[in-house]
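Participant: Let me begin by handing over the structure; questions about it come next.
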Amino acid sequence: MKILYSLFSRRRFLNGLLAGLGTAFAGTFVGPVVRFVTPPYREPDEVKLPLAGYKDMAPGEVRSFPWGIKPGFLKRRDDGSFLGFVGVCTHLDCNVAYKADQKKFFCACHDGWYDEDGRNIQGPPPTPLRRLTAVLEGEELVVRKSEA
Amino acid sequence: MSKIAAWFEERLGISAVVRFGAQKQVPLHKHTIWSYTGSAILVFFGIQVATGILLAFYYRPTLEAANASLERIMTEISFGWIVRSIHSWSATFMIITVFVHLVSVALTKAYRKPRELTWMTGALLLAVSLFFGFTGYLLPWDELSLAATKVGTDIPKAVPVVGEWATKFLRGGDDVTGDTLSRFFILHVTVLPLVLLLLLAVHVYLIQKLGMSLPLESEIRGEKAPGMSFWPNFVAREAAVWLVLLGLLITVAVLFAPSLGPPADLMAPAPEGVKPEWYFLFLFQTLKLFPAKVGFVSGETIAVLLIGLGALALFLLPLIDNRPETRKGKIVAAAFLAFLAYALGMSVWSLL
Ligand code: HEM
Ligand code: FES
């Protein structure tokens, strides 16, 4: 069948083609740029600490250590083993402080509180502090991300 | 002299612009006073550009040097303290005038047809101004600015789907680091000024094209307001206001120079009494009050979605209030006032 008049002018076709190609061309740059502006994750998988700095901790005592570029805390359990926390509030990411006199972690940003085992007990924090496992390997204390 | 002027006139045709300004009428009526707010914002923005460029001569946007470079500006560089103080106070003055401008437009309903896009570009200008303040607050890199930025950049995370990425993008990674500082600096000094100027161009173009609005009642009654020529009559009056504001700004800047806390330490706990800039206090207080969980959903997510919804409603206000002279228009005005009261109340509460 022959259509007697054009449904689509040559001008419109070419404009559409050009715009489409232009968009596709520009689109190929979006992915790389988006990836460029979001760098990879940098939290450590594990941190090795000299045991000497933590051996003398009494049961129940809490001490800080550097978890990569974030603060971490180690608590000595009653059986002598260690329990680790990432010292970063689960509400909106502020660094928490350990208040030894009250045996609680405190976040000054919106008055959030955690007990000595990192459980959120008051204020806006929605979940407990993230836990880390700490195991003795020779003269080193190796702190790792918890599986669970 | 007149030959030189004629030479330029032949090429630039400036007299057309002057004629346009003389022709343009600013209507005189009971709401005219609010027309002064727009140009006041421009004055403060101009001051931000000038003082910001001066600061950038000595400021160093790196983790190690940022705080020390500001200390140097404050203590060693001639007039450094006042340049910083003016930049910091003019930011506050600018945002106050943006708020006043916006509220006056909302309450006089000057956004009504055909000025919807003028309002929307204005709402975006508010967002850009707030983002200016937010990025600027990190630059001194002291304890307070670090804590405020950690919280502020963590907030998008609560948004479903794109939130995680937005937080990563703002921070330049999963955490606030030196990369965040570089990013905020470049946003603050190049990206935001360009975006602001672009939006401003559209905003001002629309204002020229559509002319100044009349009060709603006069428009309904078909009245005409007496007018005043924009150039030079109205501009001269505006200039008087600018001088008063400038005097006020400099007085405040001299008397209350901003402080500089100890350098931020990524490992240190957040300092007690953390507070964001005053224009974010109502959000801060809202976040503090929201419980950890509402039903199954985190309180944060609900708070953030509510805030987002509020922002969207503000942006679309002229479309929502499409029949301003009817009962619906009154309800919209009441809702706007209620929101204003909420924001003010929360801000005051956060300071108690
Ligand atoms: C082209 C424009 C601008 C440039 C080049 C610029 C540059 C700078 C620089 C270098 C700093 C770091 C020094 C300091 O912290 O005092 C800074 C800080 C800051 N800027 Fe800007 N700025 C510009 C516009 C603005 C605007 C429009 C606003 C707000 C509406 C703003 C708000 C701030 C704030 C709140 C600070 C922190 C002030 C302080 O704590 O001392 N800036 N700016
Ligand atoms: S960030 Fe810790 S309570 Fe909000």
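The values are calculated or read from the model by the stated rules, or taken from the named source; none is laboratory data. Bear in mind the structure is a predicted one, so any value in this text is a computation, not a measurement. Positions of Cβ are backbone-derived with ideal geometry, glycine not excepted, and every protein chain shown enters the neighbour counts. Just so you know, the surface numbers come from the protein's heavy atoms only, side chains and all, with ligands and any DNA or RNA stripped out. Shrake-Rupley method; radii C 1.70, N 1.55, O 1.52, S 1.80 Å.
Participant: Taking B:Pro193, is it in contact (Cβ under 8 Å) with a residue 40 or more places away in the chain and closer than 19 Å to B:Ile41 by Cβ?
Facilitator: For B:Pro193, the condition - in contact (Cβ under 8 Å) with a residue 40 or more places away in the chain and closer than 19 Å to B:Ile41 by Cβ - is met.
Participant: Only one residue in A:Lys70, A:Lys103 is open to solvent by 60 Å² or more (accessible area, probe 1.4 Å) and over 24 Å from B:Val304 (Cα atoms). Which one? Can you show your working first?
Facilitator: On the way: A:Lys70 fails: open to solvent by 60 Å² or more (accessible area, probe 1.4 Å).
From the options A:Lys70, A:Lys103, the qualifying one is A:Lys103.
Participant: A follow-up question, please. Which of the following residues is within 14 Å of chain A (Cβ to nearest Cβ) and touching a strand residue (DSSP E or B) at 6+ places or on another chain (Cβ under 8 Å): B:Asp175, B:Asp154, B:Asp142?
Facilitator: Within the list B:Asp175, B:Asp154, B:Asp142, the selection yields B:Asp175.
Participant: If A:Arg144 satisfies all but one of (1) more than 14 Å from every other protein chain (Cβ to nearest Cβ); (2) buried (at least 17 other Cβ atoms within 10 Å of the Cβ); (3) of a type in the set (Lys, Arg), what's the number of the condition it fails?
Facilitator: Every condition holds for A:Arg144 apart from (2).
Residues checked against (1) more than 13 Å from ligand 1 (Cβ to nearest atom); (2) polar (S, T, N, Q); (3) within 25 Å of B:Leu55 (Cβ to Cβ); (4) open to solvent by 20 Å² or more (accessible area, probe 1.4 Å):
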residue	(1), (2), (3), (4)
B:Met120	yes, no, no, yes
B:Ala123	yes, no, no, no
B:Leu130	no, no, yes, yes
B:Thr149	no, yes, yes, no
B:Gly172	yes, no, yes, no
B:Asp175	yes, no, no, yes
B:Asp179	yes, no, yes, yes
B:Phe185	no, no, yes, yes
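Participant: Can you go through B:Ile320, B:Ile302 and tell me which one is free of Cβ contacts under 8 Å to residues at least 24 places away in the same chain and under 19 Å from B:Trp119 (Cα atoms)? Can you show your working first?
Facilitator: On the way: B:Ile302 fails: under 19 Å from B:Trp119 (Cα atoms).
Result of the check over B:Ile320, B:Ile302: B:Ile320.
Participant: Another question, then. Report, by residue number, each residue of region B:249-282 that is without any contact (Cβ under 8 Å) to a residue 40 or more places away in the chain and within 15 Å of B:Val151 (Cα to Cα).
Facilitator: B:Pro269, B:Glu272, B:Gly273
Participant: Name the residues in region B:10-44 that are more than 30 Å from B:Val98 (Cβ to Cβ) and either in contact with a helix residue (DSSP H, G or I) (Cβ under 6 Å, 6 or more places away or on another chain) or among the hydroxyl-bearing types (Ser, Thr, Tyr) (or both), would you?
Facilitator: Result: B:Ser15, single match.
Participant: Another question, if that's okay. Quick check on my filter: what residues within region B:55-68 are part of a helix (DSSP H, G or I) and more than 26 Å from B:Val128 (Cα to Cα)?
Facilitator: B:Ala68, the sole residue that qualifies.
Participant: When you look at B:Ser182, is it more than 30 Å from B:Asn67 (Cα to Cα), among the small types (Gly, Ala, Ser) and in contact (Cβ under 8 Å) with a residue 40 or more places away in the chain, yes or no?
Facilitator: So B:Ser182 fails the test.
Participant: Here is a further query. Do the conditions hold for B:Phe8, that is, is it free of Cβ contacts under 8 Å to residues at least 12 places away in the same chain, within 12 Å of ligand 1 (Cβ to nearest atom), surrounded by fewer than 16 Cβ atoms within 10 Å (Cβ to Cβ) and part of a helix (DSSP H, G or I)?
Facilitator: For B:Phe8, the condition - free of Cβ contacts under 8 Å to residues at least 12 places away in the same chain, within 12 Å of ligand 1 (Cβ to nearest atom), surrounded by fewer than 16 Cβ atoms within 10 Å (Cβ to Cβ) and part of a helix (DSSP H, G or I) - is not met.
Participant: Determine whether region A:94-107 contains at least one residue that is of a type in the set (Asp, Glu), over 29 Å from A:Glu137 (Cβ atoms), without any contact (Cβ under 8 Å) to a residue 60 or more places away in the chain and facing another protein chain (nearest Cβ under 9 Å).
Facilitator: Within region A:94-107, not a single residue is of a type in the set (Asp, Glu), over 29 Å from A:Glu137 (Cβ atoms), without any contact (Cβ under 8 Å) to a residue 60 or more places away in the chain and facing another protein chain (nearest Cβ under 9 Å).
Participant: Restricting the search to region B:285-298, which residues are within 7 Å of chain A (Cβ to nearest Cβ) and surrounded by 18 or more Cβ atoms within 10 Å (Cβ to Cβ)?
Facilitator: Passing the criteria: B:Leu287, B:Lys288, B:Phe290, B:Ser298.
Participant: Additional query: So, in region B:151-170, of the ones that are out of contact with any His (no Cβ under 9 Å at 6 or more places or on another chain) and within 14 Å of ligand 2 (Cβ to nearest atom), which residue ends up most open to solvent (accessible area, probe 1.4 Å)?
Facilitator: Ranking the qualifying residues of region B:151-170, first place goes to B:Lys157.
Participant: Kindly provide the set of residues from region A:49-88 that are free of Cβ contacts under 8 Å to residues at least 60 places away in the same chain, small (Gly, Ala, Ser) and within 14 Å of chain B (Cβ to nearest Cβ), ordered by number.
Facilitator: Passing the criteria: A:Ser64, A:Gly68, A:Gly87.
Participant: OK, next. Testing A:Phe85 on (1) modelled with pLDDT of 90 or more; (2) within 19 Å of the chain's Cα centre (by Cα); (3) surrounded by fewer than 22 Cβ atoms within 10 Å (Cβ to Cβ), one condition comes back false. Which one is that?
Facilitator: Among (1) modelled with pLDDT of 90 or more; (2) within 19 Å of the chain's Cα centre (by Cα); (3) surrounded by fewer than 22 Cβ atoms within 10 Å (Cβ to Cβ), the lone unmet condition for A:Phe85 is (3).
Participant: Then there is this: Which one is surrounded by the fewest Cβ atoms within 10 Å (Cβ to Cβ) among residues in region B:68-116 that are touching a helix residue (DSSP H, G or I) at 6+ places or on another chain (Cβ under 7 Å) and basic (Lys, Arg)?
Facilitator: Selected residue: B:Arg72.
Participant: Every residue in region A:91-148 that is under 19 Å from the mean Cα position of the chain (by Cα) and of a type in the set (S, T, N, Q), please.
Facilitator: A:Asn95, A:Asn120, A:Thr127, A:Thr133, A:Ser146 - these are the residues of region A:91-148 that are under 19 Å from the mean Cα position of the chain (by Cα) and of a type in the set (S, T, N, Q).
Participant: Here are the criteria: (1) without any contact (Cβ under 8 Å) to a residue 24 or more places away in the chain; (2) surrounded by 10 or more Cβ atoms within 10 Å (Cβ to Cβ). Tell me which single one A:Arg10 does not satisfy.
Facilitator: It is condition (2) that A:Arg10 fails.
Participant: Now for a different question. If I filter region B:193-209 for residues that are on the phi > 0 side of the Ramachandran plot and modelled with pLDDT under 95, do I get at least one hit? It would help to see each step written out before you state the result.
Facilitator: Filtering region B:193-209 down to residues on the phi > 0 side of the Ramachandran plot leaves none.
Taking every residue of region B:193-209 in turn, none turns out to be on the phi > 0 side of the Ramachandran plot and modelled with pLDDT under 95.
Participant: Could you please tell me which pairs satisfy a Cβ distance under 7 Å, a separation of 6+ or placement on different chains, a first residue in region B:53-77 that is within 16 Å of ligand 2 (Cβ to nearest atom), and a second residue that is at pLDDT 95 or above and open to solvent by 30 Å² or more (accessible area, probe 1.4 Å)?
Facilitator: none
Participant: Take the residues in region B:190-234 that are polar (S, T, N, Q) and closer than 20 Å to B:Val98 by Cα; name whichever of them is surrounded by the fewest Cβ atoms within 10 Å (Cβ to Cβ).
Facilitator: Applying the filter and picking the extreme gives B:Gln208.
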